[in-house]
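Comments concern the structure below.
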Amino acid sequence: MFDTLVAGLVHGNAYALLAVGITLIFGVTNVINFAHGAVFALGSILGWWFIAEQHLPLWLTIVLVVAITAALGVLIDVLAVHPLRKAPAIAALLATVAAGLIIENLTQIVFGPETRPFPQVLDTNNFRVGGVRFGTSDLVMFAITLAVMAGLWAFLRFGRYGLAIRATAQDPDAAAQMGIGVARIQVLAFAIASGLGGLAGIFVGLYNSNISPTSGTLAGLTGFVAATIGGLGSIPGAVVGGLLLGVVEAYGIYVFGDGYRDLITFGVLVAFLVLRPGGLLAKVPAISAEPMTGTFLGAGRQWRIRWWHVVIVFALAAIVVPLVADSYAIVVGTQIIAYAIIAVSMTLVAGSAGQLVIGQAGPIAIGAYTSAVLTLDHDWPFLAAALAGGVVAAVVSSVLAAPLWNLNGHYVAIATLGIGIVIVAVIRNWESVTHGSYGIFGIPVPSILGYEFTEGTDIFLLDLVFLAVTLAVIVAVQRSRLGVALRAVGADEVAARSSGVPVRDYKALAFAISALFSGIAGALLAHQYSYIDPTVFNLSMSLLIVTILVLGGTGSPYGAVLGAAVLIGVPEALRLAPEARILLYGVVLLLIIRFRPQGVLVRSEQPSGIASDARAGSFVHCESTRSAGSGGRELTLVRA
């Protein structure tokens, strides 16, 4: 058992370095840096390249990796975060997501995606204390971490720029009025944090003896969990959280097995966000309830699309596509439609209710597995199984997310990400029902009233019908009294609550409707491909859906369809490799957030009376009344 403790502390050592970087950036910018994991992965790959390929000593490798990753951190701030300094935090968060996708996939393109052994430059098993064996590498990692943490503590407490970082973290506006260059301080914070991330990448390579350029996403999320445990904004808390998470994870794996790693890690994340969002050593975050999209991504009015426009487009798709498209194009078309169904349903929660959701892969997985199990093991008909998959996805997701709606700001989005990962982890470990990592084979093709949809064209037309129904339902909800209330919540949550609108209930309802249609789309995917396994429902799927949503406009159902066609159809048409495809998603997301945050099917407009700072709230009030098209009539209807 003592050797498990040592292993946990070693892993916690790397988690602490990652968590310190995340919490440092969060404290200064109020932004969760999703690109941090990609910087970590690049650091591990560069460490391998310098030692194995260039034959440099470890000390020089550490210096070079820290310098390169620190410079990369500066680029992330200058290109992705700083231009959005006047926007709500969600904009910069999505920009760091895009930056992470770009960095991680560029790393795979340059160095290759394969896992490779990390050179053993230090002994890993040359000491023995009692029944526990450890190596020089472990001692060196602990010594360097202690030295780095002590140096960072002294720098922040006594150094001129360290004091400036602390002042900026406490109150950036007051710091600017006192003559502190807040922009330069933010650049410095990104440089320090990214350098620590690169150092953590080397340490993990030394301990695990192998590295992968694809490990960054999970590592970054684990670092965020550690920072949340300790308290976002608290550097001592980040250290404590990293070490504690490493120990909990090590003992959890010792008891339950490595397959439960994600369930343990992200279960802890959700528990802390719900029970103690301030963490162990920080105060409960005083973040006002800001709409995640209504103040930034939802700006502008949707292009007016009449019902007969939609009928014509669907009729042309149903007639022309089967005539001119080959079998491969038909398969791509069915995939576009499935993702469009998911994105269309998300416009209700992200666009109308103003709450971004990142972990939508969870409800999709529930719907896919529910339908597959019911049709294979219980002989349910396809239509009943698919609808049941949607219902189960809505119920399970709603129950798991119920405590989240008491949170504010971006904590809800991060918590939904954790729930999505927990759902997939449960599916992976529920082997008696889901067959675990092996997945489910032989899922039958869709069949309705005895007619089997065996041809690709038949499946395409069936999916088109499901998309039409989804659009009809979501558009009808948006135009109903419920839609009015949801828009009031998304426009200004505080004003809506003051008017007697049950904000928590409306957000939960919008999320449940989105999960319902996401589950149905998951069932469609399962029956189309006849095979599913847990690796299909990963973070990349959730981020792709978010990118589709942002491209089309978070509040535009028709824009969601266009976004799916562009982001899935274009890479398939160009026959892009997976790395290049995700790289394209990252570039598109970054460009949209930077230059057209309202989406392609939403007209940009500048309301009168807008405050100079988008966070002030007047932008929300003006936009909600403009988009309503009738002054304050929308909110008056809600109060009635």
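Work out the charge dipole of the chain with +1 on the Cβ of Lys and Arg and -1 on the Cβ of Asp and Glu about the Cα centre, then indicate which of Gly216, Val392, His36 is farthest towards its positive end. About the Cα centre, the residue reaching furthest to the positive side is His36. Measure nothing but the geometry: give the 0 to 90° angle between the long axis through the Cα atoms of 307-324 and the longest principal axis through the Cα atoms of the chain, rounded to 10°. Helix 307-324 sits at roughly 80 degrees to that axis. Annotation for Gln120 and Arg497: the two label points, set 7 Å from Cα along the Cα-Cβ direction, are 5.7 nm apart. What angle do you read, to the nearest 10 degrees and between 0 and 90, between the alpha-carbon axis of helix 160-170 and the longest principal axis of the chain? Taking Cα atoms only, the helix is inclined about 30 degrees. Note on Thr214 and Ala67: the model spin-label points, each 7 Å out from Cα along the C-beta direction, lie 3.3 nm apart. For Ile448 and Phe142, a Förster radius of 60 Å and the Cβ-Cβ distance give a FRET efficiency of 0.45, rounded to the nearest 0.05.
Residue by residue, the range 360-373 carries 3J(HN,Hα) couplings of 6, 4, x, x, 4, 5, 4, x, 5, 6, 4, 5, 5, 5 Hz when phi is fed to the Karplus relation 6.51 cos²θ - 1.76 cosθ + 1.60 (θ = phi - 60°); x denotes Gly or Pro. Ordering Val349, Ile185, Thr454 by the projection of their Cα atoms onto the charge dipole of the chain, which places +1 on the Cβ of Lys and Arg and -1 on the Cβ of Asp and Glu, puts Ile185 at the extreme positive end.
Placing one identical point scatterer on every Cα of the range 477-544 and ignoring solvent, what is log10 I(q)/I(0) from the Debye formula at q = 0.15, 0.28 Å⁻¹? Each listed q maps to, in turn, -0.65, -1.20. Karplus-based coupling profile of the range 109-118, in residue order and whole Hz: 5, 6, 9, x, x, 6, 6, 9, x, 8, with θ = phi - 60° in 6.51 cos²θ - 1.76 cosθ + 1.60 and x standing for Gly or Pro.
Over the chain, accessible surface divided per residue gives 40 Å², non-protein components excluded, 1.4 Å probe. Its Cα gyration tensor gives the range 145-280 an equivalent ellipsoid, and the semi-axes of that ellipsoid, as √(5λ) in whole Å with the largest first, are 31, 18, 13.
When Rg and the Kirkwood radius Rh are both evaluated on Cα atoms of the range 1-149, their ratio Rg/Rh stands at 1.02. Which value in Å does the Kirkwood hydrodynamic radius of the range 64-151 take, with 1/r averaged over all unlike C-alpha pairs and then inverted? Value: 16.7 Å, from the Cα pair sum.
Taking the C-alpha atoms only, the angle from helix 578-595 to the longest principal axis of the chain is near 80 degrees. The largest-to-smallest principal axis extents of the Cα set in the range 322-377 are 40, 35, 13 Å. Using only side-chain charges placed at the Cβ, +1 for Lys and Arg and -1 for Asp and Glu, the dipole size of the chain relative to its Cα centre rounds to 1960 debye.
Here, P(r) means the percent of Cα pairs in each 10 Å bin from 0 to the largest distance; for the range 337-457 it is 12, 39, 32, 15, 2.
The overall shape of the range 402-472, judged from the alpha-carbon gyration tensor, is oblate: a/c is not under 1.5, and a/b is no greater than b/c. The range 365-442 and the range 96-157 have Cα centres spaced 35 Å apart.
Note on the range 383-426: the C-alpha convex hull projects to 3.4 nm² when averaged across all orientations. For Ile532, the residues whose modelled amide H falls within less than 5 Å of its own, excluding neighbours fewer than 5 places apart on the same chain, are Ile440. The mean sequence separation of alpha-carbon pairs under 8 Å and at least six residues apart, normalised by the residue count of the chain, gives a relative contact order of 20 percent. Between Ser480, Pro119, Ala238, the Cα set farthest toward the positive side of the dipole of the chain (charges on each charged residue's Cβ, about the Cα centre) is that of Ser480. Packing order of peptides 484-495, 206-217, highest average first: 484-495, 206-217 (average count of other Cβ atoms within 10 Å over each peptide's residues). Each pair of Cα atoms in the range 495-600 enters the Kirkwood radius, and Stokes-Einstein at 37 °C and 0.692 mPa s then converts it into a translational diffusion coefficient of 208 µm²/s.
For the chain, carbon and sulfur atoms together expose 66% of the accessible surface, with a 1.4 angstrom probe and every protein chain in place. Taking packing as the residue-averaged number of other Cβ atoms within 10 angstrom, the listed peptides 38-47, 397-406, 503-512 run from highest to lowest as 38-47, 503-512, 397-406. Taking only the Cα atoms of the range 413-555, the radius of gyration and Dmax are 18.3, 54 Å.
Kirkwood radius for the range 10-59, taken over all pairs of different Cα atoms as the inverse mean of 1/r, rounds to 12.4 Å.
Model label sites at Asp171 and Ala468, defined 7 Å from Cα along the beta-carbon direction, differ in position by 6.1 nm. With the convex hull of the Cα atoms taken as the outline of the chain, the averaged projected area works out to 28.8 nm².
The values are calculated or read from the model by the stated rules, or taken from the named source; none is laboratory data. For clarity, every value in this text was computed on a predicted model and none was experimentally measured. Quick reminder, even Gly has a Cβ in these numbers, built from the backbone with ideal geometry, and neighbours come from all protein chains shown. Side chains are part of the model used for accessible areas, which takes the heavy atoms of the whole protein and leaves out ligands, DNA and RNA. Shrake-Rupley method; radii C 1.70, N 1.55, O 1.52, S 1.80 Å.
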